[in-house]
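Colleague: Attaching a single structure in structure tokens format; questions to follow.
The values are calculated or read from the model by the stated rules, or taken from the named source; none is laboratory data. Note that the structure is predicted; figures quoted are calculated from it, not measured. Cβ placement follows ideal geometry from the backbone for every residue including glycine, while neighbour counts extend to all protein chains displayed. Note: accessible area is taken over every heavy atom of the protein model, side chains too, but ligands, DNA and RNA are not part of it. Shrake-Rupley method; radii C 1.70, N 1.55, O 1.52, S 1.80 Å.
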Amino acid sequence: MDDLGRSLLDSVEDALIVADTGLTVIGWNGAMETLSGLARRDAIGKSAEEVLGFLGDRDFPSRQGAALAGETRGAVVLPHTVPGDERQVWLRTRCVPWRAADRVAGVLVFLRDVSVWRQGTVFVRAIEAIGQSLRSSLDLNEVLDTIVGKALEVLGAEGALVVAWDGQAPELTVMRVAGRLSHDYVPAMKIPVGGGPISRAMLQARRVATSNILSDPEMWLEPARRAKIEIEGFKAVAVA
């Protein structure tokens, strides 16, 4: 591919691959280099299936074949860990026919980061699921399980709790706990009322969030509570 062709490919916002009728890569834009961690020079000349193996898309060969036959199938959304910073993103992948002179000359593969869109979709579905649970179930345990389960799913959190407080007791009652939290973290299913994010959210009736509960100057933790948090190993906390 000449300089003009490479320039056109690099002007495309999506990560883009061009493969010929033999499904050999002949075009690989800059966005694709960033996404895959594979330089253009190392991708050109290899099979599209080989260089896109990192997607883990078992149906990819079938969709490539369909594109060669002139067919465009629906897009597929898959998780992907970005090389270098280890972020997990969600990629929308499309295989479409590349047409030249009224014939199929190859395949174009577009990859787009749709993580924000997916998170919004998952959030809406989670709210719907919680609402449905509250409307249809008289079982408190079922409702609590739905709330913590959807909190883990939507936020990508490692742990979630539902707590209750009567406004006077010296301790918060933990009604449900899920995720990577040990039994020692919530002994007897109680958390002392203090200056941590959960207590502050309860006392001030507002959302509270911190990127590091152990170093945030606005947080105050009893020594025993701080020690438990250090053992659990988490830092970022969000409470509503």
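Colleague: Can you list the aspartates and glutamates whose alpha carbon sits under 13 Å from that of LYS46, skipping same-chain ones fewer than 8 residues off?
Modeller: Leaving aside aspartates and glutamates fewer than 8 places away in the same chain, those within reach of LYS46 are ASP20.
Colleague: Between the stretch 151-209 and the stretch 1-71, what's the alpha-carbon centroid distance in Å?
Modeller: 47
Colleague: At a threshold of 8 angstrom on Cα-Cα distance, excluding pairs fewer than six apart, so keeping six or more, what relative contact order does the stretch 136-199 reach in percent?
Modeller: So the answer I get is 26 percent.
Colleague: Is the C-alpha gyration tensor of the stretch 15-89 telling us rounded, prolate or oblate? Criteria: a/c under 1.5 is rounded; beyond that, a/b larger than b/c is prolate, otherwise oblate.
Modeller: Here the stretch 15-89 falls in the oblate category.
Colleague: For the stretch 51-123, what % of the accessible area comes from carbon and sulfur atoms, probe 1.4 Å?
Modeller: 51
Colleague: Something else now. Compute the length gained on full extension between ILE44 and THR21: take 0.36 nm times their separation in residues and subtract their Cα-Cα distance, giving the result in nm to one decimal.
Modeller: Between ILE44 and THR21, full extension yields 6.8 nm more.
Colleague: In units of 2.2 N^0.38 Å, what is the alpha-carbon radius of gyration of the stretch 50-119?
Modeller: Against the compact-globule rule of thumb, the ratio is 1.22.
Colleague: Give me the lysines in straight-line cross-link reach of LYS150: C-alpha distance below 26 Å, same-chain residues under 8 apart excluded.
Modeller: LYS190, LYS228, LYS235
Colleague: Pull out a ≥ b ≥ c, the square roots of the eigenvalues of the alpha-carbon gyration tensor of the stretch 87-220, then state rounded if a/c is under 1.5, prolate if not and a/b is larger than b/c, and oblate in the remaining case.
Modeller: Prolate, since a/c reaches 1.5 and a/b exceeds b/c.
Colleague: Can you give me the relative contact order of the chain as a percent, contacts being Cα pairs under 8 Å and 6 or more apart? Walk me through the numbers on the way to the answer.
Modeller: On the way: 370 pairs, mean separation 25.6, N = 240.
Reported as a whole number, the value is 11 percent.
Colleague: From the helices alone, meaning DSSP H stretches of at least four residues, give me the mean residue ellipticity at 222 nm for the chain, per-run term -39500 (n - 2.57), in deg cm²/dmol to the nearest 500. Numbers along the way, then the final one.
Modeller: Working: 9 runs with 88 residues, N = 240.
The helix contribution divided over the chain gives -10500 deg cm²/dmol.
Colleague: Something else about it: If a helix is a whole DSSP H run, which ones in the chain reach 20 Å or further along their own axis (Cα) and hold a mean Kyte-Doolittle hydropathy of at least 0.5?
Modeller: Working: long enough: 115-136 (31 Å, 0.14); 140-155 (22 Å, 0.94).
Helices passing the filter in the chain: 140-155.
Colleague: Next question. State in Å² the accessible area per residue of the chain; use a 1.4 Å probe, count heavy atoms of protein chains only, and round to the nearest integer.
Modeller: Numbers: 13870 Å² over 240 residues.
With the other protein chains kept in place, the chain gives 58 Å² per residue.
Colleague: At 0.36 nm per residue, and after removing the present C-alpha to C-alpha distance, how many nm does the segment from ARG73 to LEU214 gain when stretched out fully?
Modeller: That works out to 45.8 nm of additional length.
Colleague: In nanometres, what is the gap between the two model label sites at ALA188 and VAL122, each 7 Å from Cα along Cα-to-Cβ?
Modeller: 3.7
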